[in-house]
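Just so it is clear, none of the values below were taken in a lab; they were calculated from the coordinates. This one's a predicted model, so the numbers in the text were calculated from it and none came from an experiment. Cβ atoms come from the backbone with ideal geometry, glycine included; neighbour counts cover every protein chain shown.
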Amino acid sequence: MLPFKLVWHPGYDLNLGNHVFPSNKYRLVRDRLLAERFAAHADFVQPEPAPDEDVLLVHTPEWVKKLCKGTLTYYDLLKLELPYSRQTVHAFWLAAGGTTLAARLALRDGVCVNLGGGFHHAFPDHGEGFCAIHDAAIAVRRLQREGLVERVMFVDCDVHQANGTAAIFAHDRSVFTFSIHQSNNYPAEKPPSDLDIDLEDETGDAEYLEKLRAALVPALAAHRPQLVVLVAGADPYYRDQLGGLSLTIDGLMARDRMVFATALMQRVPVVAVLAGGYAVQVEETVTIHGNTAKAAKEVLDRVRWMRGR
């Protein structure tokens, strides 16, 4: 068995049909990890949908009502870039419940990976860029309300800047927002994070990893979080349809190892969410997402070994 749990639910599929967002990837990642015998069925736990009271810790009652009643305007749907269905809304609520559960388990075990979530473009009063509600922000607010954590740090490694995260926590000193992303890419308007690293087109493994390391270590030391949220987007991959960076599969796994190791060596738990991934061959996106879980195990085992010597 794994030394931590993987959170997953069959309802994570947003039921999008022929869409650039391959929402069947969540099932494919789970199936791949089982087929490779990296994980057993007992390693997976299924979440409940987030209760509305949790969603309302981040989102306005008007936006939640629109989503639940199906009264989104044409402009709402245009910004969201997704077709509306009740199944899709349910999937978002499941993702929020999943990230909340994963965050709790990370506090217990040191690491947890939600094989879903990472909807970092959602704002309190609207959705954008395939993101209706912000699962990770909801999880953070829930844990803060319960007194389980006070200080949290986002390490957002999606190819797209974490505009929703930056907006939600703009005036909150308890949450440090860090986004490393392609500059010349969505979103057009980028509210400032506490730390933004804007990368040029075609940035590759070596430059990416050096800039991430140089920023991550002092940021973690300065903020002293009690939980790190890793938004482990697969879309910095050089063959991604919605990205313009040039990271390889090995480079992306090195990225994840770096974040896990930097945090765990400081005894800071990490909860990881998958976020974007739109490779032409969905199997490559599945490999990258699966590697996030593999990097987590590799680093956690190594850190525990070092402490046990």
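General observations
- Contacts under 6 angstrom Cβ, first residue in the stretch 92-114 being free of Cβ contacts under 8 Å to residues at least 60 places away in the same chain, partner surrounded by 24 or more Cβ atoms within 10 Å (Cβ to Cβ) and among the acidic types (Asp, Glu), 6 or more apart: Ala96/Asp135
- When the stretch 117-136 is filtered for residues that are over 11 Å from Lys79 (Cα atoms) and part of a loop (DSSP other than H, G, I, E, B), the ones remaining, listed by number, are Gly117, Gly118, Phe119, His120, Pro124, Asp125, Ile133, His134.
- Selection within the stretch 55-87 - among the β-branched types (Val, Ile, Thr) and in contact with a helix residue (DSSP H, G or I) (Cβ under 9 Å, 6 or more places away or on another chain): Val55, Val58, Val64, Thr71, Thr73
- Asp250 falls short on exactly one of the conditions (1) of a type in the set (D, E, K, R); (2) in a helix (DSSP H, G or I); (3) out of contact with any Asp or Glu (no Cβ under 9 Å at 6 or more places or on another chain), and that condition is (3).
- Qualifying residues in the stretch 165-193 (those that are part of a helix (DSSP H, G or I) and of a type in the set (A, V, I, L, M, F, W, C)) - the one nearest to Leu242 (Cα to Cα): Ala166
- Positions within the stretch 200-233 being in contact (Cβ under 8 Å) with a residue 24 or more places away in the chain and among the acidic types (Asp, Glu), in sequence order: Asp201, Glu202, Asp205
- Test: residue in the stretch 194-215 that is within 17 Å of Val273 (Cβ to Cβ), among the hydrophobic types (A, V, I, L, M, F, W, C) and assigned to a strand (DSSP E or B): no
- Hits in the stretch 143-159 - residues which are touching a residue at least 12 places away in the same chain (Cβ under 8 Å) and surrounded by fewer than 24 Cβ atoms within 10 Å (Cβ to Cβ): Leu143, Gln144, Arg145, Leu148, Val149, Glu150, Arg151
- Candidate set from the stretch 23-45 (those that are part of a loop (DSSP other than H, G, I, E, B) and over 16 Å from the mean Cα position of the chain (by Cα)); member that is nearest to Cys112 (Cα to Cα): Ala39
- Residues that are part of a loop (DSSP other than H, G, I, E, B) and within 16 Å of the chain's Cα centre (by Cα), drawn from the stretch 226-247: Ala232, Gly233, Ala234, Asp235, Pro236
- Taking every residue in the stretch 2-26 that is surrounded by fewer than 18 Cβ atoms within 10 Å (Cβ to Cβ) and pairing it with any residue that is part of a strand (DSSP E or B), at least 6 positions away or on another chain, the pairs with Cβ-Cβ distances below 8 Å are Pro3/Val111.
- Test result for Ala103, small (Gly, Ala, Ser), in a helix (DSSP H, G or I) and within 11 Å of the chain's Cα centre (by Cα): no
- Out of Arg142, Arg173, one residue alone is touching a Leu at 6+ places or on another chain (Cβ under 7 Å) and among the basic types (Lys, Arg). It is Arg142.
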